[in-house]
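The values are calculated or read from the model by the stated rules, or taken from the named source; none is laboratory data. Values in this document were obtained by computation on a predicted structure and should not be read as measured data. No Cβ is skipped: glycine too gets one built from the backbone with ideal geometry, and neighbour counts run over all protein chains shown. Protein only, heavy atoms only, side chains kept; ligands, DNA and RNA dropped before computing areas. Shrake-Rupley method; radii C 1.70, N 1.55, O 1.52, S 1.80 Å.
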Amino acid sequence: MRMRRPRILVVGAGDIGLRLIRLITERHAGRFRIFGTTRRADQAQAIRNAGGTPLSVDLDRFNEVKRLRGLGAWVVHLAPPPAAGRSDPRSRHLVAQLLQSQCPLPQRWVYASTSGVYGDCGGAMIDETRQVKPRNARAVRRVAGEKIMRHAARSSWSGLKRLAILRVPGIYDSHDRLPVERLLKGLPALDPAEDVYTNHIHADDLARIVWYGLFKGSGGRLIHSSDSGHMKMGEYFDAVAQALALPKPPRMKREEISAHLSEAMMSFMTESRRLDNRRLLKEWRVRLLYPSVAVALEKRTAA
């Protein structure tokens, strides 16, 4: 008798989810059955093309989430919380439907959070033991999601054996996830003396980290899913501009720049931190394809 293929459920199969599905199907052809949730028709076709089975599920509707019961022994949770409020009802719905049902329960779970949960750290190098101090509603919702997942992992009723929580910084791709439009518009960056540190991860590396998390995660272990580079925001824009032969952004003082940028962009310019990724490299033994933005841009130029 042919053994049933293990099932993987990718909740929120956007760009990173698609990269993950392609990674699994290319490396392990035929070994897994993969489901990916999306509410977009074009994304559903992309999931099929990558080797997965698309599912249209509204995570904000508790009864719709019920359809996901028993579909995945391994769950990759990439869906963000709703755009408003201070909680994460989507994670709450998933936990209630997938981990407290009579169906076969997931054994492994990866939850993608954000490094924004730390708030402003004054440019300090921080590891995963740093206390969270979210400064905006988006980060508050992520902290709420982390708490939901960690509570589930520590509860005997869930049956969840492995949980990894990834704290993810700015995601980029050396071809189609760069601040090109921003540079073309000539939007300013902070004066070097006032600039903030930012952290990055290449989208392909993040997909690989998610895959590692299904095997390495345990007990809600936190992992900085960041590369090894430490750039200030203006340096990042300058590096991209140079690689793409675009004008570098003008620099302005903090009190001047707010008139030119959105409130959301300004919020990023008030937080400065450097993520220590030693857990990722030494504990999980991840070998990054793109250990820094500079390496990724060099590979792009050489291609």
The stretch 271-303, subset over 19 Å from the mean Cα position of the chain (by Cα) and acidic (D, E), residue surrounded by the most Cβ atoms within 10 Å (Cβ to Cβ): E298
Cross-chain or 6+ apart pairs with Cβ under 9 Å, the stretch 11-30 first and free of Cβ contacts under 8 Å to residues at least 60 places away in the same chain, then among the basic types (K, R) and open to solvent by 20 Å² or more (accessible area, probe 1.4 Å): G30/R5
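Yes or no, residue by residue, for (1) at positive phi; (2) part of a helix (DSSP H, G or I); (3) surrounded by fewer than 22 Cβ atoms within 10 Å (Cβ to Cβ):
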site	(1), (2), (3)
G30	yes, no, yes
I34	no, no, no
D42	no, yes, yes
D58	no, no, yes
K66	no, yes, yes
A79	no, no, no
P82	no, no, yes
G85	yes, no, yes
R92	no, yes, yes
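Looking at the stretch 249-258, can you tell me whether even one residue there is out of contact with any helix residue (DSSP H, G or I) (no Cβ under 6 Å at 6 or more places or on another chain), within 24 Å of A203 (Cα to Cα) and surrounded by fewer than 16 Cβ atoms within 10 Å (Cβ to Cβ)?
Step one: list which residues in the stretch 249-258 are out of contact with any helix residue (DSSP H, G or I) (no Cβ under 6 Å at 6 or more places or on another chain), which gives 250-253, 255-257.
Add one more test, that the residue is within 24 Å of A203 (Cα to Cα), and what stays is none.
No, there is no match, as no residue in the stretch 249-258 is out of contact with any helix residue (DSSP H, G or I) (no Cβ under 6 Å at 6 or more places or on another chain), within 24 Å of A203 (Cα to Cα) and surrounded by fewer than 16 Cβ atoms within 10 Å (Cβ to Cβ).
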Residues of the stretch 259-270 classified as open to solvent by less than 80 Å² (accessible area, probe 1.4 Å) and either over 18 Å from G122 (Cβ atoms) or assigned to a loop (DSSP other than H, G, I, E, B) (or both), total: 6
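Test V75 against the stated conditions and say whether it is in a helix (DSSP H, G or I) and closer than 20 Å to K147 by Cα. Talk me through it step by step, then tell me what you get.
Working: in a helix (DSSP H, G or I): no; closer than 20 Å to K147 by Cα: yes.
No, not satisfied.
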Given (1) within 16 Å of I21 (Cβ to Cβ); (2) open to solvent by less than 30 Å² (accessible area, probe 1.4 Å), number of the condition G119 does not satisfy: (1)
Members of the stretch 1-25 found to be over 18 Å from L105 (Cα atoms) and either assigned to a strand (DSSP E or B) or in contact with a Gly (Cβ under 8 Å, 6 or more places away or on another chain) (or both), listed by number: A13, G17, L18, I21, R22, I24, T25
